[in-house]
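Rule-based calculations on the coordinates, nothing more; no lab input. Quick caveat, the model's predicted, so the values are computed rather than measured. Cβ placement follows ideal geometry from the backbone for every residue including glycine, while neighbour counts extend to all protein chains displayed.
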Amino acid sequence: MAHIPDGILSAPVLIGGGVVAAAGVALGLRRLDDRMIPRTAILAAAFFAGSLVAVPVGPASVHLLLAALMGIMLGTATFPAVLVALLLQALLFGFGGLTTLGINTVNIALPGVVFGMMLGPVIRATERPALRFAAGALAGALAVLGTGGLVALSLWMSSSDYTPVASVVIATYLPLALGEAFVTAAIVSFLARVQPDALRPVAP
Amino acid sequence: MIRLLLPFLLALAFAGPAQAHKLKVFATVEAGEAKGYAFFIGGGRAAQTPWLARDPAGARIAEGTTDAEGCFAFPAPQPPADVTITVDTREGHVASATLPASRFGGVSVATVAETGLPPAGPAPGAAPLVTDARLAALVEAAVQRQVEPLMEQIEQLDSRLRLADVMSGIFLILGLAGIGLWARGRRR
């Protein structure tokens, strides 16, 4: 799903993905300070382990991405976190590939960062737990659908052979979006209650 | 922060080896027929999924849709040629497996396998039923039958997630964080 293997995408897509990923990683690395490094590492480790646990859904199998959670907690530091985790998954388990590292990083991290930026302020500022839960769920669901859209787009731009069929993509990504929405909302609500600072990528 | 996420992380880490996420194709040759199935490592079969078999030049040999068990089968190409079977779940998972031409053996396997095993003893008054070529084909079919489960097992073992790998990945990430903190501390 989000781990596109080697040898499927065309060179322009791979290079474009690599350039965007490099820009994102550079932005994210500038953000890393003593406060952010441990948090980035822990979320990268959670993403690394979490996306190894797959659940069969319909004709495919899906796994948590945690991209929205990373976007809310890490901001642009999501890019280096995803890159490192994907690199290790490719090297240790052969998931995805080395040439597709850039495009896979973008596909997973970019929606998380974008929706984290859009919904993060609401989640941090609101006093109402219900609204925070809803915003967290929305960020989680939208980030997954964004990843699905980007994966489909990168396959479509590369070759007509492997263009995903919209109905199958929706059938597999919709349950994942619901699951991810719940997980993101639950963790965000929990953190807001016990450690609101963890939701701020930038020190107040 | 660390105390909050650690239990969650550990839970994921230990659940990890049970399930994984990658499409693979298992293919073999049996009785003149290429057959196999597409499976997700640790996560079930790819059912109702289009598959396509091509020769090295890229021409289509056979295509179809996997059954409820994720299986596919098609007659061996004549003359024998390398065949690449590609399974595409239509949502971004694509995997393929290649059967080399040597696995297709020759015509005799199919014809002999259909006639079944020869009678136990020599039939009285009849010419010897089992010629060298037929015997070779029979042996090949029998060996194939015995070896197939092993090949499936090897394929699955090969792609199993190991707890040690998951743990080393996690600690590599934590180690990177330590290096980052150390480098920042030195610069000050």
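Below is a table of values for the structure above.
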| read-out | value |
| --- | --- |
| Positive dipole terminus of segment A:11-199, leading residue within A:T172, A:T78, A:I103 (C-beta point charges) | A:T78 |
| Equivalent ellipsoid, segment A:120-204 (semi-axes from 5 times Cα gyration tensor eigenvalues, Å) | 32, 14, 8 |
| 24 Å tail of the calculated P(r), segment A:1-106, as % of Cα pairs | 22 percent |
| Where the Cα pairs of chain A fall when distances are cut into 10 Å bins, in % | 10, 37, 37, 14, 2 |
